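Comments concern the structure below.
The values are calculated or read from the model by the stated rules, or taken from the named source; none is laboratory data. From a predicted model like this one, the values you see are computed outputs, not experimental measurements. Reconstructed Cβ throughout: ideal geometry from the backbone, glycine too, with neighbour counts over all protein chains shown. Side chains included, ligands, DNA and RNA excluded: accessible areas come from the protein's heavy atoms. Shrake-Rupley method; radii C 1.70, N 1.55, O 1.52, S 1.80 Å.
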Amino acid sequence: MIDRETVEKIKAAANIVDVVSEFVTLRRSGSNYKGLCPFHNEKTPSFIVSPARGTCHCFGCGKGGDSVSFIMEHEQMTYPEALRWLAKKYHIEIRERELTDGERQAQSERESMYIVNDWANKYFQGLLHNDPDGIAVGMQYFRSRGFRDDVIRTFQLGFDLPDRQALGKAALQKGYREEFLLKTGICYKNDRGELIDRYAGRVVFPWIGVSGKVVGFTARVLDARTKGVNQKYVNSPDSEIYHKANELYGIYQAKRAIAKEDRVYMVEGQADVISMYQCGIENVVANSGTALTLQQIHLLHRFTNNITLLYDGDAAGIHAALRGTDMLLAEGMNLRVLLLPDGDDPDSFARKHTSEDFRKYIESHQTDFIQFKTDLLLKNERDPQKRSEGINSIVASIATIPNPTLRDIYLHDCAERIGINEATLINQMNQYIRQQRGLPGQQTANANHGAPPTPQQQQKLQESKVEAMIVREVVKWGDVVIFDNVQDDEGNTFCFTVAQYVHYNLSADDLEMQNPIYNRIIAEANEQSGKEGFKAEPYFVHHPDIEVSRVAMQLTAERFVLSESQQVKATPETIRRNVMHLLLDFRLDIVAQRMRDLQQQILAARNDRQRLMELMAQFKDYQTIRNQLAKQVGHDVILK
């Protein structure tokens, strides 16, 4: 692991203007620089680089950060990879932290497996491009599929000779250990103890992870041999470095295009990915016939929230589209579906159309999941029972969406499209939500067209702007002393910084922000406040945790910077007043939410007099607290 001193040295050497200029044309704009955002398409520059802060930020899409996070986002690298990229640029020698014996052994085994996979990948490619059988058989097969030579090299496709012992012998002669040939699954042993090549006589598709390392292989028998063959495809077995459920074919080649287009197309097979990429649609990946997993969705979430399922229109394609719908919705993905005409899959369709025609077809024919399921389950269906089942299936899908506003919109659209009373759908959806959350009790429709969540659930679903404003003050002014010479009951004198005051104020009533990153920033700022030289804004903007850095950057980024003579100087007094006001607003928000929750409970308990009286008493207490808080912030609240 890279030691802390080296990380600090890299960050200190990295000049944000210098780094960004390698990828973006920048023009000076006052004390900052401006250019077209590399993360989304725009015509008017909204990407601002601030040399003084050492950060960049796009006011169009919100992406940016310091030099490390910029490289991570632009090059789709991990944190250590981005540090190594910058170290190489600035000729900084990487110093590694001494690993434990266990860490060293695990890392050594994983690295050895990657090295063996890399050798095998080059071995397969060498056979495809240089061996007479590879050229005559393997290359002929790929060309018969319409793959261009440059695309074959981009996806590092290969070929394996029919001799089932050739690869093992070649690997051992090169000094690679049998142990790692077996652990990666490239080879296995037969009953006689002989080392057997798993992929012999097949064309080979390597699986390349996000970082560019080969994690596994899929090998396919050639067309002439598929008839009667039990296994058309052979995949690497699960190993320390490869779990098929965690990987997406084509992600390495597609990652930049996915981030740039802010959309990913999901197809079924490797050939679909390659043909669409060759057609000019590069933001495409495949899960290769496996059921979509949470790990794969989380991998895509790193690059985009928008996904289009793109399958052929036969029964298998429809099943594949339905299989992952609810899981994608539950994970907050914005989902669209496109089934291609009968007889076509993405591979064949891409080979028959130009990139422009394909994109136009997608734009005009993709639908949201409601329309997709409506057409599939309800079109021309007259049987009341089957229509009821179809409608319930659609509502159940809507119920998985975590965003209550989006649920509301989809439910309203659903009611209009299928001609069902919206209140009926609301009641049904509430029931599904209750089942998902394991909540007991009677269904209760609310004004937001969703089930009545607890205060904790409500806080999780709806992020408060007041929270963001409080944390912004902590990031910008966390080290500033706003209370001086405060005495406790024992006569001890001490001071409060912004961070310490916010932390103490919230902790006193056991209050937390709904965003865990916000809680972490407040706690860490409070901890750092006692250390000499702590400056909150640079500390968090350049934080080693990329998520903390990104949040801090977004909270403090300013699109326009006034000249020094026009700036209003913040003082400890103005900062103190602002922080105190925001903390009161935060409490008001919590009380208001708890009152809304009590109102829902009162409605549900109208037939239980004792419970009703208890809830009414609690509601009255909260009314008193609300009005006391409102008085402090100068609000005029009328009792209701």
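Remarks
- For E8, solvent-accessible area (1.4 Å; no DNA, RNA or ligand), Å²: 80
- Taking H365, H543 and ordering them by how much accessible surface each has at a 1.4 Å probe, largest first, produces H365, H543.
- Table column - 3J(HN,Hα) (Hz), the range 239-252, Karplus curve with 6.51, -1.76, 1.60, x for Gly and Pro: 8, 4, 10, 9, 10, 4, 5, 9, 10, 10, 5, x, 5, 5
- Of the accessible area of the chain, computed with a 1.4 Å probe over protein heavy atoms only, carbon and sulfur atoms account for 49 percent.
- Linear extension gain, K465 paired with A166, 0.36 nm per residue minus alpha-carbon span: 101.2 nm
- Simple Cβ-charge dipole of the chain, Lys/Arg +1 and Asp/Glu -1, about Cα centre, in debye nearest 20: 1020
- Spin-label model, E179 to N130: label points 7 Å out along the Cα-to-beta-carbon direction sit 2.9 nm apart.
- Heavy atoms of S21 accessible to a 1.4 Å probe, total area in Å² rounded to 10: 60
- Radius 14 Å from Cβ of I409, net charge of other residues (Lys, Arg +1; Asp, Glu -1): -3
- You can think of it this way: the chain between E381 and E109 has 92.1 nm of extra reach, that is 0.36 nm per residue less the Cα-Cα gap.
- Under 17 Å of direct C-alpha separation, and excluding same-chain neighbours fewer than eight residues apart, K88 reaches these lysines: K9, K11.
- Per-residue 3J(HN,Hα) values for the range 336-344, derived from phi via the Karplus relation 6.51 cos²θ - 1.76 cosθ + 1.60 with θ = phi - 60°, read 10, 10, 9, 9, 6, x, 3, x, 10 Hz in sequence order (x marks Gly and Pro).
- Mean residue ellipticity (222 nm) of the chain, computed from DSSP H runs ≥ 4 via -39,500 (n - 2.57), nearest 500: -15500 deg cm²/dmol
- Most positive-pole-ward Cα, L127, S69, H91, against dipole of the range 62-204 from beta carbon charges: L127
- Straight-line cross-link partners of K122 among the lysines, defined as a Cα under 20 Å from its Cα and at least 8 positions apart when in the same chain: K169, K174, K183, K213.
- Heavy-atom SASA rank of Y188, Y141 (probe 1.4 Å, accessible area, largest first): Y188, Y141
- With contacts taken as Cα pairs under 8 Å at a separation of at least 6 residues, the chain carries a relative contact order of 8 percent.
- Take the Cα of A330, step 7 Å toward its Cβ, do the same at E532, and the gap between the two points is 5.4 nm.
- Dipole of the chain computed with +1 at Lys/Arg Cβ and -1 at Asp/Glu Cβ about the Cα centre; of A536, V19, I433, farthest Cα towards the positive end is I433.
- Long-range HN-HN contacts of S529 with modeled amide H, under 5 Å: none
- Cross-link partners of K360 among lysines (Cα-Cα below 18 Å; sequence separation of 8 or more within a chain): K352
- Annotation: per residue accessible area for the chain equals 50 Å², rounded to a whole number [probe 1.4 Å, protein chains only].
- Net charge over other residues, Cβ less than 13 angstrom from the Cβ of Q500 (K, R count +1; D, E count -1): -3
- If you take the Cα centroid of the range 310-389 and the Cα centroid of the range 3-67, the two points sit 39 Å apart.
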